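**Student:** Let me begin by handing over the structure; questions about it come next.
Every number in this text was worked out from the coordinates using simple rules, so none of it is lab data. Since the structure is predicted, the reported quantities are computational estimates derived from the model, not experimental observations. Glycine gets a Cβ as well: all are built from the backbone with ideal geometry, and neighbour counts include every protein chain shown.
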Amino acid sequence: MPYHEFECSKCIPERKKHAVIKGPGEDLTSALPLGYLNTIPGSISERGCAYCGAKHVIGTPMKDVIHLSHGPIGCTYDTWQTKRYISDNDNFQIKNTFATDMKEKHVIFGAEKLLKQTIIEAFKAFPKIKRMSIYQTCASALIGDDINAIAEEVMEEMPEVDIFVCNSPGFGGPSQSGGHHKINIAWINQKVGTIEPEIISPYVINYVGEYNIQGDQHVMMDFFNRMGIQVLSTFTGNGSYDSLRGMHRAHLNVLECARSAEYICNELKKRYGIPRLDIDAFGFGTLAEALRKIGMFFGIEDRAQAIIDEETARWKPELDWYKERLRGKKVCLWPGGSKLWHWAHVIHDEFGVDVVSVYTKFGHQGDMEKGISRCEEGALAIDDPNELEGLEAMDMLKPDIIFTGKRPGEVAKKVRVPYLNAHAYHNGPWKGWEGWVRFARDIYNGIYSPIHQLALLDISKDDIPTDKGFMTQRMLSDKDLSEEITSSTVLRQYTGKYDCLSELSKKTYPGFDPVLADAA
Amino acid sequence: MLCEVKEKTRTGIINPIFTCQPCGAQFVSIGVKNCVGIVHGGQGCVMFVRLLISQHFKESFEIASSSVHEDGAVFGACSRVEEAVDVLLMRYPHIKVIPIISTCSTEIIGDDIDGVVTKLNAGLLKEKYAGREVHLIPIHTPSFVGSMVSGYDIAVRDFVTYFAKKTEPDKKLNLITGWVNPGDVTALKHLLAEMQIDATVLFEIENFDSPLMPYGNFVSHGDTTIEDLSGTANAIGTIALNRYEGGKAALYLEKEFGVPAIVGPTPIGIRNTDTFLQNLKTLTGRPIPESLVRERGIAIDALTDITHMFLADKKVAIYGNPDLAIGIAEFCLDLEMRPVLLLLGDDNTNYQNDLRIKAFQENVDFPMEIITNADLWELENRIKNDGLELDLILGHSKGRFSAIDNNIPMVRVGFPTYDRAGLYRHPVVGYAGAMWLAEQMVNTIFTDMEYKKNKEWILNVW
């Protein structure tokens, strides 16, 4: 597995070991890109900072919390309304953001008084919200404000409120990943074990590393409810602050995004003996396996199997409709940290696409290891990619579609590669059986967009086809398919609604099994 | 006085109107050709600003970071700037201009970016890049001072200060637009063309709306050149449309090179556009042509169709960049509307003395509040808890939920407007902008009337 040297990066030899091509028959022992090292200044890397890793990725999905950043206004403003983590309390945490708005005089004389006053004002503005997370920024870290002391002081004066403090300044570590780590550890140190939750089922889990992008968590909660599993807390999407204080009473930690949240699972295991079960909820087979594993842990595999059978029967014909049309399409799977390995093998197996490249902005070598092992031979793997390398890779690989962030998606657009938002999704949720079909539908709509086809035509040079007034996706996608597939009565396109969550929220469940005295 | 100007009484911010200074400097940097800025600070200061700009324009822009990590924060991070300059120059052969934009962290640790520039000029650039034209411009934009608005103002001044060089006087006019959209630049250039005025537009950002071509890679970028900037010293005059976004540069050129400056007004609405044309005439001696009389007539005709029938007495709240918000408020008054709340979102103390604000105070005949150092909670709280009734909200997308949750129609205007498609293509300045803005307002009110079944039948005939 030789290192891949980009033309555009020949002048920065440090980059040499950050990209590899997975050769035929090679395994990971021959080469693995370096990962999670300091960024090369000026390389126009896509990485963010440790503050955003803590506040924006993990902190803010907590729904019933005033999220206050202690620093100048930019950190707060910039990490506001750029994500799609929704909640069932009318998206309080998406709509509102709070800052101390530190100014020059505070930098000189200290900003602790300002902080205290801002905390009190914020609670006053939202009298129903009694919980707060405070996030340190570069500025407040450098001037050395003691945020913890102020939080303690306020909690003494206002006994009805509870405050969590996360000290993760932007400069802490090579990327946002440093912030994931810090907030995991801060939460378990400060908050876990401070509330005793009510245990109402013999099967109790924490659902960890799930951020409820476009409602993923709602989808998964449906499965857990159907299995009679009590979800004590979700870390952190749609999670409530107090439920997350009771994480220590779960029987099992079900871990989704290991990159951002394995730390707290490992600590919960060490401190409270709670086992960790890693799952992938993206994909039919992977999700089935995940529910089965959870079922096995509790001895309720039959319940998992019932869901798997029902959902598979409902959605498989729709998944396969897309698979027939996506087969062999080339994908650059360029997400943040964990989706390269969550998705690489599943999108190949279940959508039929070929992953020609994976990259990770803030992943560690372990993420790369998993990602490379799960993608196709010949795939190009890049750690901490930068603008020019991304363009060079697209030029070399000629992908049919790219899954990446919003802004890099705009870069791809200019070289005529359609993009799907890997972080926030196009029309999600993408978890669950239905969600996975929605993902396939989004890929299909991206690749077979008639406008995309028009973008490739140079009217000054090419022959302009004048025989058509329009094209449909089907006219493009079905032209080389066999009659058997195009006229199949089994396969069908996605039949769900634009909003697939509102029906879920109306569902009722049989309730939990009684908790036996010895099990409690 | 029915119009009160007051500062927000709370200390902290709930739902900010602006981001911080480095964003303004970054926005300026992408307007200059062959220029990629280096933001000296944590990576988020760049990553999120690039995202924000890309949310607004649906395009990607190139800005680099010095990627300050822990060691840099402790021991100083000037070496990161040196490395960043070298890496950028090696990999982007077309780059000629590199502004070094400071942030809160690097200002607090006291990194001497001016010193780094001196060192690089004497060392790296001389040795490794001899014969290559490279300009390094230190721009100090600590995030704990001002806002993105002042960051923009400072960066324009610093670019102009760095490049402006008196040689032979020419007949060109400097037009400093302030923080606008490509559609505004198009509209302004149209007015200049109609008046046959040769002007240097700072900044030439029409290509922020760039094409998706069947070949090549058309990255969005501004087109203001080094020659444009150096030539500003030789112009016959400068008009800075926005007092708080480019005013500093205009005054610098006047003081340093005797280039006469006119600062403001923002040409939003008919009246301010008239004034702008008059200013153009004054500085260049060019007459206002019949074509513009006609264009103005079309706009006036369109406004007459909607103003006293539909817009009169409508209560609006306006927030955003100060020149934009003030300009829109002035225009609303001409349209017989009532701008009852104006939110200016930073702690600039000069707003109090702004003549336009003083004019509101002297002449407005209904209760009007102007809040400085404001946040969006000043709006939300008034609606939710103080019974403020509004017919319309005008502002950027960050305030969208105040409109949505309170069932108040909203017209997106300013920066950023990411929750609506293509707004950057449309002007709010000039006669075209006046027409577009007023028609956006009235159509938005019409849609709201229909959704709420509030006299929607009135639109059958008008």
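**Student:** Give the lysines reachable from residue B:165 as a straight Cα distance under 16 Å; neighbours fewer than 8 places away on the same chain don't count.
**Tutor:** Cross-link targets: B:255.
**Student:** Between residue B:198 and residue B:365, what's the calculated FRET efficiency when r is the beta-carbon distance and R0 is 45 Å? Round to 0.05.
**Tutor:** After rounding to 0.05, the efficiency reads 0.55.
**Student:** Determine, for each peptide in B:245-258, A:349-362, the mean count of other beta carbons within 10 angstrom over its residues, then list the peptides with the highest first.
**Tutor:** A:349-362, B:245-258
**Student:** Let me ask another. Sort A:164-177, B:391-404 for me by packing, meaning the mean count of neighbouring Cβ atoms within 10 Å per residue, highest on top.
**Tutor:** Packing order, densest peptide first, comes out as A:164-177, B:391-404.
**Student:** List every residue whose amide H lies under 5 Å from the amide H of residue B:198, counting only residues 5 or more places away in sequence or on a different chain, with H placed 1.01 Å from N in the peptide plane.
**Tutor:** Residues meeting the criterion, in which the H sits 1.01 Å from N, are B:173.
**Student:** If amide hydrogens are placed 1.01 Å from N in the peptide plane, which non-local residues have theirs closer than 5 Å to the one on residue B:426?
**Tutor:** B:183
**Student:** Then there's this: Trypsin sites (Lys or Arg not before Pro) within the stretch A:441-488: which are DSSP loop residues with at most 15 other Cβ atoms inside 10 Å?
**Tutor:** Details: sites: A:441, A:461, A:468, A:474, A:479; in loops: A:461, A:468, A:479.
Sparse-neighbourhood loop trypsin sites (Lys or Arg not before Pro): A:461, A:468, A:479.
**Student:** Hey, if you put +1 on the Cβ of every Lys and Arg and -1 on every Asp and Glu Cβ in the protein assembly as shown, which of B:258, A:202, B:60 ends up farthest toward the positive end of that dipole?
**Tutor:** Of the options given, the answer is B:60.
**Student:** About the Cα centre of chain A, how large is the charge dipole given +1 on each Lys and Arg Cβ and -1 on each Asp and Glu Cβ? Please answer in debye to the nearest 20.
**Tutor:** The dipole magnitude comes to about 620 debye.
**Student:** How many angstrom separate the Cα center of the stretch A:307-374 from the Cα center of the stretch B:175-190?
**Tutor:** First find each Cα centre; the distance between them is then 45 Å.
**Student:** Hey, another quick one. Taking the Cβ of residue A:465 as the center, what net charge do the other residues with Cβ under 15 Å away carry, scoring Lys and Arg +1 and Asp and Glu -1?
**Tutor:** On the way: positive: A:461, A:468, A:479; negative: A:458, A:462, A:463, A:467.
Around residue A:465, the charge tally is -1.
**Student:** Right, something else. Just tell me how shielded A:135-143 is by partners: mean number of partner chain Cβ atoms within 10 Å of each residue's Cβ, no decimals.
**Tutor:** 5
**Student:** Under 15 Å from a point placed 7 Å out from the Cα of residue A:398 along the Cα-to-Cβ direction: which residues of the stretch A:440-482 have their backbone N that close?
**Tutor:** Taking a point 7 Å out along Cα→Cβ of residue A:398, the residues of the stretch A:440-482 whose backbone N falls under 15 Å are A:456-457.
**Student:** Continuing with this model, one more query. Put one equal scatterer on each alpha carbon of the stretch B:173-288, apply the Debye formula with no solvent term, and list log10 I(q)/I(0) at q = 0.15, 0.17, 0.20 1/Å to two decimals.
**Tutor:** Log10 of I(q)/I(0), two decimals: -0.64, -0.81, -1.08.
**Student:** Now for a separate question. Quick one: in the stretch B:34-156, what % of C-alpha pairs are over 25 Å apart? If you can, show how the numbers build up before the last one.
**Tutor:** Working: 1578 of 7503 pairs.
The proportion of pairs with Cα distances above 25 Å equals 21 percent.
**Student:** Here's a follow-up. Cut-off is 10 Å between beta-carbons; in what order do A:342, B:308, B:135 appear when sorted fewest neighbours first? Intermediate values should be presented prior to the final figure.
**Tutor:** On the way: A:342 25, B:308 12, B:135 20.
Going from least to most buried by this count: B:308, B:135, A:342.
**Student:** So if R0 is 22 Å, what FRET efficiency would residue B:451 and residue B:298 give, r being the distance between their Cβ atoms, rounded to the nearest 0.05?
**Tutor:** In this case the efficiency is close to 0.15.
**Student:** Report, in whole Å, the centroid distance computed from the Cα atoms of the stretch B:411-462 and the stretch A:438-499.
**Tutor:** What the calculation gives is 34 Å, centre to centre.
**Student:** By per-residue mean of other Cβ atoms within 10 Å, what is the highest-first order of B:445-456, A:205-216, A:36-47? Don't skip to the end; give the middle numbers.
**Tutor:** Numbers: B:445-456: 13.1, A:205-216: 26.3, A:36-47: 22.8.
In descending order of packing, they fall as A:205-216, A:36-47, B:445-456.
**Student:** Further question on the same structure: Give the value in nm², to one decimal: projected area of the alpha carbon convex hull of the protein assembly as shown, averaged over all directions.
**Tutor:** The orientation-averaged projected area of the Cα hull of the protein assembly as shown comes to 42.9 nm².
**Student:** Starting at the first residue of the stretch B:251-261, write each ³J(HN,Hα) from the Karplus equation 6.51 cos²θ - 1.76 cosθ + 1.60 with θ = phi - 60°, in whole Hz, x for Gly and Pro.
**Tutor:** 5, 4, 5, 5, 5, 7, 10, x, 7, x, 10
**Student:** Another question, then. From the residues A:71, A:386, B:462, which one has its Cα farthest along the dipole of the protein assembly as shown in the positive direction, the dipole being from +1 and -1 charges on Cβ of Lys/Arg and Asp/Glu about the Cα centre?
**Tutor:** After comparing all options, I get A:386.
**Student:** Roughly how crowded by other chains is peptide A:171-177, in terms of the mean Cβ count from those chains within 10 Å of each of its Cβ atoms? Provide the component values of the computation, followed by the final result.
**Tutor:** Details: counts 16, 4, 2, 4, 5, 3, 0.
Per residue, the number of nearby Cβ atoms from other chains is 5 on average.
**Student:** Considering only DSSP beta bridges whose two residues both sit in the protein assembly as shown, what percent are antiparallel, to the nearest 5?
**Tutor:** Antiparallel bridges: around 10 percent, rounded to the nearest 5.
**Student:** Length gain on complete extension for the stretch residue A:473 to residue A:497, per 0.36 nm per residue less the alpha carbon to alpha carbon distance? Intermediate results must be reported in sequence, preceding the final value.
**Tutor:** Values: separation 24, 0.36 × 24 = 8.64 nm, distance 1.91 nm.
Between residue A:473 and residue A:497, full extension yields an extra 6.7 nm.
**Student:** Here's another thing I want to ask about it. Quick check on my link table: of A:95/A:191; A:130/A:191; A:330/A:413, which ones sit more than 20 Å apart, alpha carbon to alpha carbon?
**Tutor:** Over 20 Å apart, Cα to Cα: A:95/A:191.
**Student:** Sequence neighbours fewer than 8 away in the same chain don't count; with that in mind, list the lysines whose C-alpha is under 20 Å from residue A:468.
**Tutor:** Hits, sequence-local ones excluded: A:479.
**Student:** Okay, next question. For chain B, max minus min Cα coordinate along each principal axis, in Å, sorted largest first?
**Tutor:** If we take the Cα atoms of chain B, the spans are 74, 52, 51 Å.
**Student:** Turning to a different aspect of this structure: Which value in nm describes the separation of the simple spin-label points at residue A:198 and residue A:126, placed 7 Å from the Cα toward the beta carbon?
**Tutor:** In this crude label model, residue A:198 to residue A:126 measures out at 2.5 nm.
**Student:** Using alpha carbons only, how many degrees (0 to 90, rounded to 10) separate the axis of helix B:148-163 from the longest principal axis of chain B?
**Tutor:** For helix B:148-163, the angle is close to 50 degrees.
**Student:** If the label point is 7 Å along Cα→Cβ of residue A:488, which residues in the stretch A:346-363 have backbone nitrogen under 15 Å from it?
**Tutor:** A:349-353
**Student:** Between residue B:130 and residue B:74, what is the spin-label point distance in nm, taking each point 7 Å from the Cα along the Cα→C-beta axis?
**Tutor:** In this crude spin-label approximation the distance works out to 4.0 nm.
**Student:** Turning to a different aspect of this structure: With a cut-off of 8 Å between alpha carbons and a minimum separation of six or more residues, what is the relative contact order of chain A in percent?
**Tutor:** Value for chain A: 17 percent.
**Student:** At 222 nm, what value in deg cm²/dmol follows for the protein assembly as shown if DSSP H runs of at least 4 each add -39500 (n - 2.57) and the sum is divided by all its residues, to the nearest 500?
**Tutor:** -12500 deg cm²/dmol
**Student:** What lysines sit close enough to residue A:113 to cross-link, taking a C-alpha to C-alpha distance under 20 Å and skipping anything fewer than 8 places away on the same chain?
**Tutor:** A:103, A:105, A:124, B:8
**Student:** What whole-number distance in Å separates the alpha-carbon centres of the stretch B:274-301 and the stretch A:133-194?
**Tutor:** Rounded to whole Å, the Cα centres lie 58 Å apart.
**Student:** I'd like the mean, over residues of B:4-15, of how many other protein chain beta carbons sit within 10 Å of each residue's own Cβ.
**Tutor:** 6
**Student:** Given a Förster distance of 56 angstrom, what is the FRET efficiency for residue A:26 paired with residue B:2, based on the Cβ-Cβ distance and rounded to 0.05?
**Tutor:** The formula returns an efficiency of 0.10 here.
**Student:** Next question. With label points built 7 Å along Cα→Cβ from the Cα atoms of residue B:255 and residue B:313, find their separation and express it in nm.
**Tutor:** 4.9
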